[in-house]
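Inspection log for the structure reproduced underneath, given as structure tokens.
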Amino acid sequence: MRVGVLTGGGDCPGLNAVIRAVVRKGERLGDTFVGFADGWKGVVENKTLPLDVERCRGILPKGGTILGSSRTNPYKLDGGPQRVQDTLHANGVDALVAIGGEDTLGVANKLWADGVQVVGVPKTIDNDLSATELTFGFHTAVQICVDAIDRLHTTAESHDRVIVCEVMGRHAGWIATYAGIAGGAAEILIPEEEFDINEVADYIKRRHEAGRYASIVVVAEGAKPKEGTMATTSGEVDAFGHVRLGGIGNLVAEQLERLTGFETRVTILGHVQRGGTPTAFDRVLATRFGISAIEAVHDGAFGQMVALRAGEIVRVPLAEAVAELKTVDPELFQHVAVPFFG
Ligand code: F6P
């Protein structure tokens, strides 16, 4: 079979491991491959890259994606879906493996409905796809955050400061929750639970009164204040209608310093969290996803995506990628994280 491969959305540690697994297993099954550059953009514009086992040598430990990525939505472009069909036809593509998050796989699902033979692989450092228990990249991002928080403790403790650390997590606070617990944060603010900055400040003051002068506050970029408690700003929107986030940490830090009188600094980890080499765990998960995806292609399981459930890789309809997002269970959050903070 001739198989097209693309990676869409934000880059994510482990994408190259998926590509490598798809190609290595596929070549053994007799497939040839074509890479599409920069996600759906490459398919719309017929921008291709050679893809074979040789090209995949040495990429397993590399972050990012050798195919490039973008947040292009063909359904927002004039004649986009038809151009996708034309490109696939021109390259003799029998099947497509689309690796991406809810947006990329949402497009894959629509194309499947339009007759394209596509299999999906879920990806996001945010770990917020309900279709799968885990996504590769999450483990790596959490480890990067914990390493950073460990270092922030040094300065917080040396200078008796409050340090606000903003991490990614647009709709869900998985990274913030895991990194906050593992990094010994004093407070964790997540999108699932609107926060009251006055309560956060009171708690920090109580900590100081009890002799703990250094506090790390982990804030997910999507964390929201309770209505009327703190002013926020909003940024520009991408082709999928998502606002560009990043900055809530500054606002939280400003307000905490004002309300507590304690010197407060902020570190926004941003894209550092998506950079560099994937952890061994993510390489293994990504490899398992890649192998299962090409097997799904050979089984004709189109319109499906691979997913991790109860430790097994299973196939579920692509539509599940765009179903409700997987958020942090408030009970779990209260049970595991909150006892340490009260
Ligand atoms: O969806 C993954 C993610 O890393 C989010 O956590 C973050 O909001 C977004 O991507 C940032 O995207 P970009 O790199 O396009 O600014």
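Taking amide H atoms as placed 1.01 Å from N in the peptide plane, the amide H of residue 34 lies under 5 Å from those of 3, 4, 5, each 5 or more residues away in sequence or on another chain. As a proxy for reagent exposure, ranking 238, 11, 128 by other Cβ atoms within 10 Å from fewest up yields 238, 11, 128.
Less than 5 angstrom separates the built amide H of residue 268 from those of 166, all sequence-distant by 5 or more or on a different chain.
Distance distribution P(r), the chain, all Cα-Cα pairs, bin width 10 angstrom from 0: 6, 26, 30, 20, 13, 5, 1 percent. Extending 7 Å from Cα along the Cβ direction at residue 90 and again at residue 29 yields two label points whose distance is 2.7 nm.
The charge dipole of segment 56-105, taken about the Cα centre with unit charges on the Cβ atoms of Lys, Arg (+1) and Asp, Glu (-1), comes to about 260 debye, rounded to the nearest 20. Helices that extend 24 Å or more along their long axis by alpha-carbon positions and average at least 0.0 on the Kyte-Doolittle scale are, among the DSSP H runs of the chain, 138-159, 280-298. Sorted fewest first by neighbouring Cβ atoms within 10 angstrom, 150, 126, 52, 282 come out as 150, 52, 282, 126.
In the elastic network of the chain, a GNM with C-alpha springs shorter than 10 Å, the most mobile of 191, 330, 278 is 330.
7 Å from Cα along Cα→Cβ at both residue 244 and residue 196: what's the point-to-point distance in nm? Reported label-point gap for residue 244 and residue 196 is 3.5 nm. Here the extension length gained between residue 182 and residue 82 equals 31.2 nm, from 0.36 nm per residue of separation less the Cα-Cα distance.
Summarising the amide proton neighbourhood of residue 93: residues at separation of 5 or more, or on other chains, whose placed amide H is nearer than 5 Å comprise an empty set.
The phi torsions of segment 40-50, fed into the Karplus equation with coefficients 6.51, -1.76 and 1.60 and a -60° offset, translate into couplings of 5, 4, x, 6, 5, 9, 6, 9, 10, 9, x Hz, rounded to whole numbers, with Gly and Pro shown as x. Taking the chain as a Gaussian network of alpha-carbon nodes connected by springs under 10 Å, the highest mean-square fluctuation of the residues 210, 223, 141 belongs to 210.
The simple spin-label model puts a point 7 Å past each Cα toward its Cβ; for residue 205 and residue 133 those points are separated by 4.5 nm. Of 90, 37, 148, the residue with the greatest mean-square motion in the GNM of the chain, using alpha carbon springs below 10 Å, is 90. In segment 138-275 the Cα-Cα distances spread across 5 Å bins starting at 0 as 2, 11, 21, 25, 20, 13, 6, 2, 1, 0 percent of all pairs.
Neighbour counting of Cβ atoms within 10 Å sorts the residues 324, 221, fewest neighbours leading, into 324, 221.
All of the numbers you see were taken from the coordinates with simple rules; none came from a lab. Bear in mind that the values here come from a model prediction, so they are computed numbers and not experimental data. Please note: Cβ atoms are built from the backbone with ideal geometry, for glycine as well, and neighbour counts cover all protein chains shown.
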